[in-house]
Amino acid sequence: MKIRESEADEQLLVEAAQKDPACFAALYEANFERVYAFIAVRVRNRVEAEDLTSEVFHKALAHLAGFEWRGAPFAAWLYRIAANAIANHSSAAAREREVSVAGDPPEVAALPNRPEIEKVEQRARLFRLVNSLPPDQRRVVRLRFSEEKSVREIAQEMGRTRGAVKQLQFRALGTLRNWLADKPGGARA
């Protein structure tokens, strides 16, 4: 029953956004993490993943009037836009390099299958959980794992000792571990 209510809510959000583009913000908020996670796994460059995610939502908003509800989640449409954006990005990058190896076409991003969607959803949940951490812990996690900075670099940047940074990281990872152990639909997710 909960799935049907969720689908009905999503359909109402889509219809509202089609009538008033300002309502698109709710669709953006509900789907940002999963789209970013889908792209980040394939692109493996944070700046490019952010740019492509922005492009996906820009295209989705621009073409929202043509979206037809067919019972599939709205995210499936966003994944298709993302897959095309990644393919276009890969093709453009290959043309820019002007180095081609015969028989090696640029990688094309395939649409996700069920296990892949579950991984994307897990990554999206993790992103949301990191955003729920206290500010200092969140900053340490982002600097350490997104920007791949050393404990020493983070300590200098934050004006803290290395021990303090390690403690913040330890607490953040412990909190995330506990939240992830909770049921997927929990209050923090």
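Just so you know, all these numbers are worked out from the coordinates, no wet-lab data involved. Remember, predicted model here, so these are calculated numbers, not experimental data. A quick note on method: Cβ atoms are made from the backbone with ideal geometry, for glycine too, and the neighbour counts reach across all protein chains shown.
Relative to the present Cα-Cα distance, how much length would full extension add between D136 and L180 at 0.36 nm per residue of separation?
On the way: separation 44, 0.36 × 44 = 15.84 nm, distance 1.98 nm.
Gain on extension, D136 to L180, equals 13.9 nm.
Once fully extended, how much extra length lies between E153 and E118, figured as 0.36 nm per residue of separation less the alpha-carbon to alpha-carbon distance?
Extra length from E153 to E118 when fully extended: 9.2 nm.
Arrange the following residues from fewest to most other Cβ atoms within 10 Å of their Cβ: T161, T175, T53.
Lowest count first: T161, T175, T53.
Quick one: putting +1 on the C-beta of Lys and Arg, -1 on the C-beta of Asp and Glu, what dipole do you get for segment 2-97 around its Cα centre, in Debye to the nearest 20? List each step's numbers first, then the result.
Details: 12 positive and 14 negative charges, 94 e Å.
Using Cβ point charges on Lys, Arg, Asp and Glu, segment 2-97 gives about 460 debye.
Can you sort R171, R177 by how many other beta carbons sit within 10 Å, fewest first?
Fewest to most other Cβ atoms nearby, the residues stand as R177, R171.
With θ set to phi - 60°, apply the Karplus curve 6.51 cos²θ - 1.76 cosθ + 1.60 along segment 139-145 and write out the HN-Hα couplings as whole Hz, x wherever there is a Gly or Pro.
Once θ is set to phi - 60°, the couplings for segment 139-145 become 5, 4, 4, 5, 5, 6, 9 Hz.
Summing Lys, Arg as +1 and Asp, Glu as -1, what charge do residues with Cβ under 15 Å from the Cβ of K166 carry, K166 excluded?
In short, +4.
I need the phi-derived Karplus couplings for segment 115-123: 6.51 cos²θ - 1.76 cosθ + 1.60, θ = phi - 60°, integer Hz, Gly and Pro marked x.
With the stated coefficients, segment 115-123 comes to x, 5, 4, 4, 5, 4, 4, 5, 5 Hz.
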